[in-house]
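What follows is a single structure, written as structure tokens, with notes after it.
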Amino acid sequence: MATTESEYYDLLGVARDASDADIKRAFRALARELHPDVSSAPDSDSRFREIVEAYEVLSDSDRRATYDRFGKAGLKRGGFEPVYADFGNLADVFAAFFGEDLLGGAGGARQRSQRGGDLQAVAEIDLEDAFTGVSVSVPIDVAVPCERCDASGAEPGTGASTCPTCSGAGVVRSVSQNIFGQFVQQRACPDCGGVGEVLERKCGDCLGDGRVVVGRKIEVDVPGGIHDGQQIRVRGEGHAGFRSSDRGNAFVVVRVRPDPRFVRDGDDLHTAVRLTMIDAALGTTKRVPTPAGDVDLDVRPGAQPGEVHAIKGHGMPSLRGSRRGDLYVRLDVAVPTRLTDEQRVLLEDVDAQVGSEAYVSREDEDEGFFHRLKSALR
Ligand SMILES: [Zn+2]
Ligand SMILES: [Zn+2]
């Protein structure tokens, strides 16, 4: 068949020039969907074998090159045999391919040495802290290796013996018959939880789990310029595995509280200042907020409502490199709403003396500078 050469790529739904990361991602998604442990589709078992085989080939650069040149026949000549038969359940597959404890200790023959799950925590900071960078202490509930039994799960001084139910394999098989034929199902041994051995006596602290949940704090250095929703990984601060001291990672999601004075756009900040009609006409100096304190902004005579001034380098620091964002200040011109009769007369006097030539737009002399800034904001 002409399609044979792209079969493995088709199975994973990736292009022939897909990167290793693409292949991994595609396989991971399909494995979650198709594994017989989670899928009830009658053909999930055979489909799952196919994608595992495809992944075994495409994730290995030598095998992939052989397959690209000579197809499956070339692989066979090279002695390649799919290893799917060794995997009891989804956790095993993920542990083997990705080194992770996907199901958080749901059982499997290779569980003993498995890394624990990752954990996620949230740190809320103010915009000023996001500007300077800040050290935060985040409370977490985390499973840590049990000290009493040194993560073995066994009461100190007692041992473990081979599980009689699974003879140490960690998995049990059952055979079922249905209209599609005979199915051999493999699942984690219910008596030993997939470890392959049973404890003489369980540890009194962790009840055989090898890990205990404690309240702790992790310290995280949040870099200046962090954006709302970004995560910081803290290696090895996640959960301990089932009877394993190998811990996962902690991920701290940083939430930056909105600051009513600013709207953030990437590394740039936008703010507004209010000046009176008279100040706008005569020119003035206004104090403008920045995350590092107020600065002066010179407003020239004849400033227009909605005019935007860029203050270079007064935005947020960039996470990458030393460049700073800019601060854009929009002028909001206030018009008096409560005039006394006397003041009204004064204004009418001014109006009578100021002819229309005083209102000529200076847009031309600005040559579109503010114009550009204004349209950038819309
Ligand atoms: Zn213990
Ligand atoms: Zn067992």
Original post:
When you go through (1) in a strand (DSSP E or B); (2) closer than 30 Å to residue 194 by Cβ one by one for residue 242, which number turns out not to apply?
Top reply: (1)
**OP:** Those residues that are over 13 Å from residue 330 (Cβ atoms), touching a residue at least 40 places away in the same chain (Cβ under 8 Å) and surrounded by 14 or more Cβ atoms within 10 Å (Cβ to Cβ), I need them from the range 282-303; list them, please.
**Re:** 291, 302
Subject >> Residue count for the range 316-345, restricted to those that are out of contact with any helix residue (DSSP H, G or I) (no Cβ under 9 Å at 6 or more places or on another chain) and not in a strand (DSSP E or B) >> reply: 16
**OP:** For the range 188-205, enumerate the residues that are at pLDDT 85 or above, of a type in the set (D, E, K, R) and away from ligand 1 (no atom under 14 Å from the Cβ).
**Re:** 197
Original post:
Residues 175, 212: which one is in contact with a Lys or Arg (Cβ under 9 Å, 6 or more places away or on another chain) and either more than 16 Å from ligand 2 (Cβ to nearest atom) or at pLDDT 80 or above (or both)?
Top reply: 212
**OP:** Name every residue in the range 139-172 that is at pLDDT 90 or above and of a type in the set (A, V, I, L, M), in order of residue number.
**Re:** 140, 142, 143, 144, 151, 154
Original post:
What single numbered condition from (1) at pLDDT 55 or above; (2) β-branched (Val, Ile, Thr); (3) surrounded by fewer than 20 Cβ atoms within 10 Å (Cβ to Cβ) fails to hold for residue 83?
Top reply: (1)
Original post:
What are the residues in the range 118-158 that are under 22 Å from residue 227 (Cβ atoms), more than 19 Å from the chain's Cα centre (by Cα) and either surrounded by fewer than 20 Cβ atoms within 10 Å (Cβ to Cβ) or of a type in the set (Val, Ile, Thr) (or both), if any?
Top reply: 126, 127, 128, 132, 133, 134, 135, 137
Original post:
If residue 290 satisfies every condition in (1) out of contact with any His (no Cβ under 8 Å at 6 or more places or on another chain); (2) assigned to a loop (DSSP other than H, G, I, E, B); (3) not aromatic (Phe, Trp, Tyr) but one, which is the exception?
Top reply: (1)
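The values are calculated or read from the model by the stated rules, or taken from the named source; none is laboratory data. Values in this document were obtained by computation on a predicted structure and should not be read as measured data. As a convention, Cβ positions derive from the backbone with ideal geometry for all residues, glycine included, and neighbour counts pool all protein chains shown.
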